[in-house]
Each structure stands twice: as structure tokens, then as C-alpha cells.
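Only one structure is covered here, and it is reproduced in the block below.
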Amino acid sequence: HHRSSEDGTGPKYFTDWDGTVADRDLLPHEYTHSWNGKFRRPADLWTPNFNVPMRDSLLWVYEGQTQYWGYVLAARAGLWTKQEALDAIAATAATYNERVGRAWKPVEDTTNDPIIAQRAPLPYRNYQSSEDYYSAGQMIWLDVDGKLRELSKGRHSLDDFAKAFFGMDNGQWHVNTYTFDDVVKTLNDIQPYDWASYLRTRLDGHGPLIGGLASHGWKLVYTDKPSSAVKALEARRHFVDLTYSLGLSIGKGGHIGDVLWDGPAFKAGISPGMTVVAVNGFDYDPDQLKDAITAAAGKNSQAIELLVKNFNEYKTVRVDYHGGLQYPHLERIAGTPDTLTSLLKAR
């Protein structure tokens, strides 16, 4: 990661370009780690020997800002088109617009997840909020970029922070540690503000984390058409993402992955690990289920009937959902400056 990053991808990473859109931020993400994480490293994450435990309190910088730059640099470098980048940001924003776990688990607390769960997949991830320091951190830094632009009337952005914070001692590869106070000081040197409170509110609080969209002139909306990002993720992970409609995702063979806590499927008694066998009396098929969701839209429509298997037990559940298919997209806020386009533009 520091001077020669080795990044494993599938053999068709470049040749199946349309099929690997979900992975195209990999290279800029790992490239950024040379500066953010390896050269500049959180002080409590650096250890002099194996007898001193690592601590992860600043992973929202180490990984969160790297996630931010991974998206931004993928667009600037042409690995993503502007629309693909917008779709990817919309998918992340929707996660933190709907993440139920935000009500009890702050972003700072998720930095303990690698220690507690050893990065193992967790059921009801939307409630347990596993490792949110990555993408929740990304949304926080998008918010910071917008605030810097607002306060400075467009003169400064997170590019200035990156240059000041990671651009020191050019050519050196020793570890240069930092603390929360160092992050705050660098932001204040660029644009004076109460950055400590600004960051702590987002790291320790339970409010929404999509304020960076509005500050850049965009808003999150939902339509019945999946974006390129959703299509790519579905193809890569071989699942159907119905998080924002039925409130679940379904993998191969009808196997249910995550279920949105307190969503329509959850309320009907569906849980991770079950398998959908039939939809409205017909064999399960992803398109069949999507058609059933579309047909159930409207106040007077029938509930969606699913035959599910739980271990060796079969039962029929009725999902009382009538909102149609819902997929996240970004839409311009009329009459506001579009600084997100400027952020994603090649340098």
C-alpha cells in the first residue's frame, strides 16, 4: 500500500468494463492509502511493537476519507463517467438515509467493529451498522468539502486539506502520525471554523449524514428504475436489491440476505437466512418478484404473497407493501450552484 500497492481483481477487470463498474474505485482507493493510512497514520493505530494494541478511533479518516477520494479520483481519472460517479454516490447516500442503526450506533462507535466482529458479515447490517466508518465517513467528508466551499465562497475545498495534510515531506515514507486535534488544526488553517464541534456532531450523533449532497446542489430521490451502480452491484454480488421497496436483498436461489429492520419484509416476519420459494403462487424468479412489486403498487392492490422456507419449515407470508420499486438517484436542486460536478471534474 505504501510504495507498491498490490490489488487483487478479477481477470476481466479491464476487459469486461461494463460488468466491473462497481469495482472501478478500487485502484484510486488503494492508491490514496499510500498517503492516507500509510504515510499519515492515526497515532493510536500506529504501534511500536506487537505488545501494544492497535486502536481504531480515527478510521473515519484512514478509511472514510480514502473512500471519499476513491470515488472522486475514479471520476477525475475517467474510471467512472460523471453519471456513474453520481449513481455510486446516490447508492451510498441512500444507505445512510435509511440506516436504522444510526438511531443507536454513532459512526465513532463503528471504528471498534474490526476488533469486535473481526470484519465478519453481520445479519441485519442496516441495524448493527457494521464498519460504517468507511462510507459514513465518506459522507462526512463530502459534507466537509461542501462546508469548506461555502465558508470560503468557493476558494477552498477538501483538495486543499489533502495537499496540506498528506502533501508534507514529499518523497519521504516514514510514518507520520496524527490525532483528531491535528485534523481540526489543518481544517482551521485552511478555513477558520468550529471544526471540532462540526466533526464531533457527525461522529457522535445520530442524525442524517447526507447533508453534503445539498451543500453541493443535489438531493437524493427514488424512482422505479435502477441506476448503473445498483445494476453493477446486483451483477457483482448475484443478488436482487429491494432494500428501498420490500426491504430486503435476495441472492441466488431466492436466499434472503439482509432484511431492513422494521421494513415491510421485516414486519411480515421475514428474516435473513430464509429462502423465497414462490411469489404469488409461482416459482421464485427475480423478475417475477419485481413484477409482483409493480403490480402491488396502489392503495387497492393485494399484498404480495411469498412462500418462504426457514430450515425445514415452509410458510406463506403476506407483505403489505404498495409503493412500487424504489431505487436511489441524485437530482439537481434548482437554483443552487452545482459544485459536485466541479468536484468530480478532471484536474
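Rule-based calculations on the coordinates, nothing more; no lab input. Predicted, not measured: the structure shown is a model, and the values here were computed from it. A quick note on method: Cβ atoms are made from the backbone with ideal geometry, for glycine too, and the neighbour counts reach across all protein chains shown.
Enumerate the aspartates and glutamates that residue 252 could reach by cross-link, defined here as Cα to Cα under 15 Å, with residues fewer than 8 away along the same chain left out. Partners within reach: 234, 241, 283, 285, 287. In order along segment 339-345, phi translates into HN-Hα couplings of 8, 5, 4, 5, 4, 8, 6 Hz, rounded to whole numbers, per the Karplus curve 6.51 cos²θ - 1.76 cosθ + 1.60 with θ = phi - 60° and x for Gly and Pro. Taking 51, 300, 310 as the candidate residues, the one with maximal mean-square fluctuation in a Gaussian network model of the chain, Cα springs under 10 Å, is 51. Would you work out if segment 291-347 is rounded, prolate or oblate? Take a ≥ b ≥ c from the square roots of the eigenvalues of the alpha-carbon gyration tensor; rounded if a/c is under 1.5, else prolate when a/b is larger than b/c, oblate otherwise. Oblate is the answer for segment 291-347, as a/c is 1.5 or above yet b/c matches or exceeds a/b. When Kirkwood radius over Cα pairs in Å is computed from the coordinates, the matching label among (i) 21.7; (ii) 20.5; (iii) 25.0 is (i). Partner aspartates and glutamates whose Cα lies under 13 Å from the Cα of residue 299, excluding those fewer than 8 positions away in the same chain, are identified as 320.
Of interest is the spacing of the C-alpha centroids, which for segment 292-344 and segment 217-256 amounts to 9 Å. Within straight cross-link reach of residue 163, meaning Cα distance under 17 Å, which aspartates and glutamates are found once same-chain residues fewer than 8 apart are removed? Answer for residue 163, where 17 Å is the Cα cut-off: 145, 182, 189, listed by chain and number. Here the simple spin-label model places points 7 Å from the Cα toward Cβ, and for residue 116 and residue 291 these points are separated by 4.4 nm.
How many angstrom lie between the C-alpha centres of segment 21-99 and segment 126-195? If you average the Cα positions of each part, the centres end up 12 Å apart.
In this simple spin-label approximation, residue 224 and residue 201 carry label points 7 Å from Cα along the Cα→Cβ vector, and these lie 3.9 nm apart. Using the Cβ atoms and a cut-off under 12 Å, what net charge is assigned to the surroundings of residue 328, where Lys and Arg are +1 and Asp and Glu are -1? That works out to -3. With a simple spin-label model that places each label point 7 Å from the Cα along the Cα-to-Cβ direction, the separation between residue 151 and residue 332 comes to 2.9 nm.
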